[in-house]
Amino acid sequence: SASFDGQRTPGMELERRSGKHRRRGLRAAAVFASLSCCTIIALLVGPAVIGGEGGAHPGGDSHRGAVSSSGSRLSRPSPPAVERAGPTSLTLRWAQAAPAGFYVQAYEAEVIAGAQRLSYNGTASMWEFAPLPAATPVCARVRLTLTPGAQRTPWSACTARARTAAPEAPATPHAPWPLATAPTAVVVQWVPPDLRGAVVTGFELGWHALVPGQVRDCQWTEPTCGGCDDLPGEHPWELNATRWEGAFLTSCRGANALGCCGLQCWCSSSQCCTPRAALVPGPEQTVAFPPSALNATLAGAFLAGATPLELSLRAHSAAGWSEWSESVRVHADSDNATAPQDGPDLGVEQVRATAIALAWQAPPDAGALLLGFELRFLDLGGTPPGPTPPAASTGPLRFSAGSHGLVLTGLAPERRYGMWVRAYNSRGFSPWSAVFATTQEQAPPRPPAGLEVLRALSDGLLVAWQPPPATSST
């Protein structure tokens, strides 16, 4: 009998009690040694059966091994191996050979963490179990369903020292996206990131305004004698740095007959820079939000004149701060904002028997930030294709402004479909963009792979194969 991390399971306790029965049986055999041989054997065998195979495993299942068709007892399989331990998940691997004369038909695996029990039953040899509490010891076990006969082995022992990892800082959240805009306000929304075993205690939104300024564009001249003078004269180039380069590898521009800029046959490459007008980040600002907040309204004079902002988000838990999300650029509505004047640039990426993949590029926002896209689609049948979706079309399906495509699934083979997409902002909708495509023929599956005879039985053959590669159909 044993315990993992100080916690006893019902099965372990019963095994311990069974051991007491075994010891009592041995003492009883010694006391009645004067009895007949058959009586002594009965006294020895009875308690040994109680203590040897009768103990219950976690969850109350018996350890007693299944009996094969030949009458032999099936042994326990090996415990699962821990492939990866995360704060809220455990990935286990349990692939193993079947006993002689059998083939593994399916695996049944369980992870038990206190009162919580997660299970898997299927043909996969590895699986991720989630969600689980962080930094918690667990019992991970497996048993096999064997063929022929659909016989089950006993449960394996629990994997030694299996436990989930300690909590980590939250995963990097997705960038916030615009939900609504006005001339002096922007509303953004976000979703909580992966918690990684600890509860989020708050969010922090960081932003800076992009204001007119100058940046420096720099480039190297490569080996030359003229330096920045060798670059186009319409730019006010300024020398920023130099580096020596040997002329014996390449000839320098503007060099003497030996390919050198001087007596020592060396020349240099010059880094030349020129200023360029551009938007540059202003002072960084941050604001904290409680863990229940999933959106924020930014309003103030810093948004006047449709000044663009760059926003990013991070989350906090007891384990620390997440990384900052990717930044997203937003702005309030300009005074002359209108609905988008052009539809999205829409195209078909791929066509299969039951699916069509679409992709699109956003049109200019016309002074009011794009808030998203709408999609409608229709099995045209006898309906002629047109620039706008018919009333019978499915939709609208809405997507955020950061979306650039999707895959329509569950379509019928060999049917012509129409798909229409438009963008929208706070001032209205753009014109529709339309594409049309015909789904492919429903192809039969490819032949199975890896067909082999595993065992020749007295009245048949035990064979196995792998599923065929995926085709355009299911």
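The values are calculated or read from the model by the stated rules, or taken from the named source; none is laboratory data. These numbers were taken from a predicted model, which means no experiment stands behind them. Positions of Cβ are backbone-derived with ideal geometry, glycine not excepted, and every protein chain shown enters the neighbour counts. Side chains included, ligands, DNA and RNA excluded: accessible areas come from the protein's heavy atoms. Shrake-Rupley method; radii C 1.70, N 1.55, O 1.52, S 1.80 Å.
Between residue 379 and residue 84, 0.36 nm times their residue separation minus their Cα-Cα distance comes to what?
Extra length available between residue 379 and residue 84 comes to 101.7 nm.
Could you please report the charge total around residue 91, scoring K, R as +1 and D, E as -1 over all other residues with beta-carbon less than 11 angstrom from its beta-carbon?
0
Apply the a/c threshold of 1.5 to the C-alpha gyration tensor of region 267-366 and tell me whether it is rounded, prolate or oblate.
Rounded.
Just add up the charged neighbours of residue 270: K/R +1, D/E -1, any other residue whose Cβ is under 12 Å from the Cβ of residue 270.
Result for the local shell: -3.
For region 362-453, rounded, prolate or oblate, judged on the Cα gyration tensor with a ≥ b ≥ c (square roots of eigenvalues), a/c < 1.5 rounded, else prolate if a/b > b/c?
oblate
Give me the Å³ per residue figure for the convex hull around the C-alpha atoms of region 320-474.
Residue-normalised Cα hull volume stands at 198 Å³.
Restricting attention to region 152-244, which GluC sites (Glu not before Pro) occupy a DSSP loop and are surrounded by at most 15 other Cβ atoms within 10 Å?
234
I'd like the carbon and sulfur percentage of the solvent accessible area for region 327-474, probe radius 1.4 Å, heavy atoms only, ligands and nucleic acids excluded.
Here carbon and sulfur together make up 52 percent of the probe-accessible area.
Size of the dipole of region 345-474 about the Cα centre, Lys and Arg at +1 and Asp and Glu at -1 on the beta carbon, nothing else charged, in debye to 20?
240
Projected onto the charge dipole of region 303-351 (+1 at Lys/Arg Cβ, -1 at Asp/Glu Cβ, origin at the Cα centre), which of 316, 341, 303 gives the Cα projection farthest towards the positive end?
Result: 316.
Taking the Cβ of residue 319 as the centre, find all other residues whose Cβ is under 10 Å away and add up their charges (Lys, Arg: +1; Asp, Glu: -1).
So the surrounding residues net to 0.
For a label point 7 Å from the Cα of residue 215 along Cα→C-beta, name the residues of region 303-324 whose backbone N is under 16 Å from it.
308-311, by backbone N distance to the label point.
How large, in Å, is region 75-173 by the Kirkwood hydrodynamic radius built from its alpha-carbon pairs?
The Cα-based Kirkwood calculation yields 14.0 Å.
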